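Below you'll find the structure, written out as C-alpha cells, and then a few comments.
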Amino acid sequence: MGELTFEYVQNANLVSPRAWAAAAVLALAVSGCGSGTTSEPVPVQKTVWDHFTIDVGGHPASLQIAVLPAEQQRGLMQRGDLGKDEGMLFVDDSPRKQNFWMHDTPEALDIGFLGPDGMIAEIYPLLPYDERTVSSHGDQLQYALEMRQGWFAANGVRPGARVDLKAVAAAIKARGLDPSKFGLE
C-alpha cells in the first residue's frame with residue numbers, strides 16, 4: 001500500500017489575509033474623508049405614536065399629537081391602554097366648531113375644547129363606543145384634548161386652565177411639521 005504524505009504548501013497569495021483586512025479597513029476610513037459630511041446623528045422624526053410631556057393646567061400630561069387628517073380620524077380608536085396621565089391632543093390649523101364621537105373607542109374619555117390661545121373653554125364626558133357626536137358650543141376652538149375620564153376633575157383642571165402651546169409647537173416641530181401652519185411659533 002502506498003504511503004500518505006502531507007506537504008505544507010505556503011499561501012500562494014502575495015498578500016496575507018491579515019493585510020487584506022487591514023487594507024479594507026483603511027479604505028473604508030479614508031473613503032469618508034473630504035466628503036463634507038458630518039458624523040453627527042440625524043434626529044429621528046417623531047410620529048403620532050410618540051408621547052410628549054405637555055403642561056395642562058399646571059399638571060404634566062403625556063400626550064400624543066394628532067395633526068394629520070388620518071391621525072385625527074383614527075384618534076384613540078381601538079385603544080384601551082391609556083396610562084394615568086396619557087391622552088391625545090388634536091391640533092387644527094384654524095379655529096372652528098369641534099365635533100367628536102367615540103366610534104370604536106373602548107375607553108371612557110373626557111374631552112376638553114381649547115381656543116387658539118391654549119385656554120380650555122369646554123369639557124365633556126365621552127362614553128365608550130358612543131357614536132353620537134359631541135360638539136363644542138363655541139365655534140372658535142382650535143384644539144381638542146382627550147384624556148381618561150375623570151383626569152380633568154382629578155387634577156382640578158377646569159375651563160380657564162391653559163395648555164402649554166410652546167411645548168405643543170416643539171412637539172409639532174419634532175414631528176417634522178411647521179408649527180406656524182397651526183398658528184404656533
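A few points about this structure:
- Here segment 116-131 is scanned for amide nitrogen atoms under 20 Å from the site 7 Å beyond the Cα of residue 97 along Cα-to-Cβ, giving 116, 121-126, 131.
- Sequence-separation-based contact order of segment 52-182, relative, with Cα cut under 8 Å and 6+ spacing, percent: 29 percent
- Candidate aspartates and glutamates for bridging to residue 166, where Cα separation is under 18 Å - those fewer than 8 sequence places away on the same chain excluded: 50, 55, 92, 93, 117, 178, 185
Just so you know, all these numbers are worked out from the coordinates, no wet-lab data involved. Everything numeric here is computed off the predicted structure, so don't read it as measured data. Here the Cβ is made from the backbone with ideal geometry for all residues, glycine too, and neighbour counts use every protein chain on show.
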